[in-house]
Amino acid sequence: MPKSILAVNAGSSSVKITFYTFENPPRTIADAVVSGITAPPPKLKYRQGDKKHKEEIKEKLSTPQDAFKYLLQRCFSDPDLSEVASVDDLEYICHRVVHGGDYREAVEINDETFDHLKALEDLAPLHNFSALEIVRLCKVELPKVTSITFFDSAFHKTIPEAIRTYPINQKIAKANGLRKYGFHGISYSFILRSVAQFLDKPIEKTNLIVMHIGSGASICAIKNGESMDTSMGLTPLAGLPGATRSGSIDPSLVFHYTNEAGKLSPASTTEMHISTAEEILNKQSGWKALTGTTDFAEIAVENPPSKEHQLAFDIFIDRILGYIGSYYVKLNGEVDGVVFSGGIGEKSALLRRTLIHKCQCLGLAIDDAANDKGPGDEETVKDISKGSGKGPRVLVCQTNEQP
Ligand SMILES: Nc1ncnc2c1ncn2[C@@H]1O[C@H](COP(=O)(O)OP(=O)(O)O)[C@@H](O)[C@H]1O
Ligand SMILES: CC(=O)OP(=O)(O)O
Ligand SMILES: [Mg+2]
């Protein structure tokens, strides 16, 4: 039987896997996702051709590794999924790894590259740890299958020096790799390809402002088909707030918040070192700190249940607006499209409407009916703009972060 490719994406609140045929172009065989790992009970969604299935998971799955094992087990034991009945049916496993440091392209995992990625973990412990644990699990439990890691940061290798450099001592910056890397790049490159095709423009002539807004949220300015700026930085903490992340704040704030900022947080393990400051700003901030929920669907509602919910919504809108304005200017007003993607961007008509109404001065407008309807299941890109077709299009893109 022909072999398959397994793609894995361990996000902050979900693990998604997709099986593809090993051919060019690959065809999707099945995909499955466990979501709600940080807001139990976890939920399973499964799709194979026309067959769709949703359920609440009874088992306790508290880590992405648990979720990955659960997903693999489910798929291998599904009698309808005869193409992938066991490990022997897999040719490659492609892993999404958030932080690739100076790697500009994908790499095959061997002892040397794995060790290099482990060393990088200090820069992004909260984001690389889960994915690398899954890479390690595959190395040990599925040793015959080649693992390839694809990096979120690689798409942003084109960001110019003046944008990627922090104004700090450059000797220290270079020695410690302290610069803007940027993330969500697998998603941005999928969106760029899909939107350029939708607009019938060559990729290298396409200029976009793209929002990838989910539990982790970022925004990217794409000029002539290349990333020119993005809101995340050295780590995914910078820029927009998220489910549990503060986003950009005054860096001094953390020393006023606690005098233990530099100490190791209790969440650290022998393998993963996180400072108390990183723990607070990455895990105890964002919507969760403001409202108690990590689920933006409870916040983005017409009549929010509390004024804190309204405040969380208003803060998010304010921060996104700041970047749209800045990127519009950096792109010299030559913008083909403003694109919404990620769990919130794809599903919240209210957020899209609120935001675009505040961007009228840039010539952006949406068709309320098209916006309320959102994209259909099989629709990768949907145009929700109003008007003659002049000025930037407002689009929703159902992104695919599977490497
Ligand atoms: N209808 C909705 N309105 C607003 N937010 C939503 C809606 N549906 C899902 N979301 C939010 O999308 C986020 C998850 O986005 P996703 O991109 O899948 O996350 P991750 O960063 O884990 O990959 C969650 O905060 C979820 O609450
Ligand atoms: C880079 C990042 O923030 O990823 P996620 O959205 O999966 O948390
Ligand atoms: Mg995500």
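Some values worked out for this structure:
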item	result
Residue in the range 79-90 that is open to solvent by 10 Å² or more (accessible area, probe 1.4 Å) and either among the basic types (Lys, Arg) or not assigned by the TED database to the domain that holds THR38 (or both) present	no
Identity of the residue in the range 216-238, part of a loop (DSSP other than H, G, I, E, B) and surrounded by 24 or more Cβ atoms within 10 Å (Cβ to Cβ), that ends up nearest to the chain's Cα centre (by Cα)	GLY216
One residue from ILE163, ILE172, ILE191 being more than 28 Å from LEU311 (Cα to Cα), loosely packed, with under 15 Cβ neighbours inside 10 Å and not assigned by the TED database to the domain that holds TYR328	ILE172
Residue tally, condition touching a helix residue (DSSP H, G or I) at 6+ places or on another chain (Cβ under 9 Å), under 16 Å from ALA106 (Cβ atoms) and hydrophobic (A, V, I, L, M, F, W, C), over the range 139-150	2
Residue list for the range 339-365, restricted to those being within 22 Å of ALA297 (Cβ to Cβ), more than 16 Å from ligand 1 (Cβ to nearest atom) and not basic (Lys, Arg)	HIS357
Qualifying residue in the range 15-37 (condition: in contact (Cβ under 8 Å) with a residue 60 or more places away in the chain, buried (at least 16 other Cβ atoms within 10 Å of the Cβ) and under 25 Å from LYS157 (Cα atoms))	no
One residue from LEU311, LEU264, LEU351 being crowded, with 16+ Cβ neighbours inside 10 Å and of a type outside the set (Lys, Arg)	LEU351
Enumerated strands (runs of 3 or more DSSP E) restricted to the range 6-78, each holding at least 3 residues that are within 16 Å of ligand 3 (Cβ to nearest atom) and under 22 Å from ASP377 (Cβ atoms)	14-21, 28-35
In the range 49-78, residue least open to solvent (accessible area, probe 1.4 Å) [restricted to those that are aromatic (Phe, Trp, Tyr) and touching a residue at least 24 places away in the same chain (Cβ under 8 Å)]	PHE68
GLY337 in contact with a strand residue (DSSP E or B) (Cβ under 6 Å, 6 or more places away or on another chain) and surrounded by 17 or more Cβ atoms within 10 Å (Cβ to Cβ)	yes
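The values are calculated or read from the model by the stated rules, or taken from the named source; none is laboratory data. In this text the structure is predicted, and so the values were computed from the model without any measurement. Note that we place each Cβ from the backbone using ideal geometry, even for glycine, and neighbour counts take in every protein chain shown. Just the protein is used for accessible areas: all its heavy atoms, side chains included, with ligands, DNA and RNA removed. Shrake-Rupley method; radii C 1.70, N 1.55, O 1.52, S 1.80 Å.
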